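Heads up, the thing below is written out as structure tokens.
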Amino acid sequence: MIEIGAQVDLSHPAERVWRALTDRELLGRWFAEAGMVEGVADRMLLHTGGLPGFEADVEVEVTERQEPDLLVLACDEAGRLSELTCTVTTTKQGCRLELREVSTHGAWSAEQHEPREQQLRQALTVRLPAILDWLAFQQVDLSRADGGMTAELPLIGVRGRAGRNPRRRRTLVAVVAGAVLVAGTAAWVTLPSDPKPAAAPAQTATASPTVTAGRVTVAPTATASARPSRTTASATTPPSRTPSAKPSRTPASAAPPPPPPPPAPITARYETDSSRLFGYTGEIVVSNPGSAPVADWAVVVTLAEGTTVDDVDGANWRQDRRVITFTGAAVAAGGSQTISFDVRDSRPKAREPESCTIGGQQCAGL
């Protein structure tokens, strides 16, 4: 017995997911085109012959149906028989869809098994969410009512109330502006004056001789001088000296700038691989330009408000609110590793992550 399975968490009600599983037109949009088999009720022909992992078209018949929780199909692919079980479980965010196919007669080859499962996962995580988003958008009432808009949108800014005299409002504004002008002028007049101080010359004491009876004495007198001076006194009195001016200080030479930080041993680049209504698929390529493998690496992505991650391929991941951390195996020297993740957005116009870093360095492309 060989089993193929995949599951996805969807932000849509179970009834909408059930419609995508059972409506022939919708089924052809996200998985494979379907046609009715004449004369047989509850039987369809899925045109899967050209899809990866499928060798021929598949004829399916409903064997069990519990709307909107369970759908069981008997599948016949050119004589190879299998049973496909579709389980829908309600969650807080919406619902979880799980598909499991078990071989009942015959078996898939090793070359057929992996592409078939990959095709199923791709349909569940990328194309089905896009169809569900489209269905949700169709249910939005953009006209609000048959009579059109009944309420005026709020305006941001200062505005007078309805019915108030505009001339009176202009007068009030003029009075307020005049009061502000008068208050500003009064404050300017009462500010203390701040004259620029004039540079006063330094005063130095010089000795001038004075003749008295029988001896000569020296009496110091204060004179204004712009630079220090020295005066010679009589032999009986030692000359007075004024302290010399302090030597001028020359500015110290500027310190050399610190060396630039060494390049990060591992880098990452982000790009939006595909976008759709209410979501997108992001891709991160982790590259190791060094000469040795790097084992301990982590890419930290901060999602926009109202977005969640549905599926990740190429790395281990954990989520803390809007912060997603991706880790994985060692990246070989000169090698790279690609991470692909599917993001669901609550708004019609999908928003890219707010930030992406690896080892504290910003990811390129974002």
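Here are the numbers for the structure shown:
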item	result
Scope segment 114-160; condition at pLDDT 50 or above, among the polar types (S, T, N, Q) and over 30 Å from Ser82 (Cα atoms); matching residues	Gln138, Gln139
Subset of segment 42-57 [farther than 16 Å from Ser109 by Cβ and among the aliphatic types (A, V, I, L, M)]	Met44, Leu45, Leu46
Pairs where the first residue, in segment 95-124, is farther than 19 Å from Leu10 by Cα and among the hydrophobic types (A, V, I, L, M, F, W, C) and the second is open to solvent by less than 20 Å² (accessible area, probe 1.4 Å) and outside any strand (DSSP E or B), C-beta under 9 Å, 6+ apart	Trp108/Gly53; Trp108/Arg116
Count of segment 96-105 residues which are open to solvent by less than 30 Å² (accessible area, probe 1.4 Å) and β-branched (Val, Ile, Thr)	1
Residue match in segment 34-48 (condition: modelled with pLDDT under 90 and touching a Lys or Arg at 6+ places or on another chain (Cβ under 6 Å))	yes
Some residue of segment 51-62 being surrounded by fewer than 16 Cβ atoms within 10 Å (Cβ to Cβ), in a loop (DSSP other than H, G, I, E, B) and of a type in the set (Gly, Ala, Ser)	yes
Residue, surrounded by the fewest Cβ atoms within 10 Å (Cβ to Cβ), within segment 63-95, restricted to residues that are in a strand (DSSP E or B) and among the charged types (D, E, K, R)	Glu64
Filtered residues of segment 7-50 (kept if surrounded by fewer than 19 Cβ atoms within 10 Å (Cβ to Cβ) and among the β-branched types (Val, Ile, Thr))	Thr22, Val37, Val40
All positions within segment 338-349 that are part of a strand (DSSP E or B) and in contact (Cβ under 8 Å) with a residue 60 or more places away in the chain	Ser340, Phe341, Asp342, Val343, Arg344, Asp345
Residues (touching a strand residue (DSSP E or B) at 6+ places or on another chain (Cβ under 9 Å) and in contact (Cβ under 8 Å) with a residue 40 or more places away in the chain) located in segment 47-86	Gly53, Phe54, Glu55, Pro68, Asp69, Leu71, Cys86
Within segment 350-364, considering residues that are part of a loop (DSSP other than H, G, I, E, B) and either small (Gly, Ala, Ser) or under 20 Å from Arg127 (Cβ atoms) (or both), the one nearest to the chain's Cα centre (by Cα)	Ala350
Verdict on Leu10 being closer than 19 Å to Leu135 by Cα and free of Cβ contacts under 8 Å to residues at least 40 places away in the same chain	no
Only listed residue being within 17 Å of the chain's Cα centre (by Cα) and at positive phi, chosen from Gly279, Gly314	Gly279
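The values are calculated or read from the model by the stated rules, or taken from the named source; none is laboratory data. Note that the structure is a prediction, hence the values are computed from the model and not measured. Heads up, the Cβs are rebuilt from the backbone with ideal geometry, glycines too, and the neighbour counts pull from every protein chain shown. Accessible surface areas use protein heavy atoms only, side chains included; no ligands, DNA or RNA. Shrake-Rupley method; radii C 1.70, N 1.55, O 1.52, S 1.80 Å.
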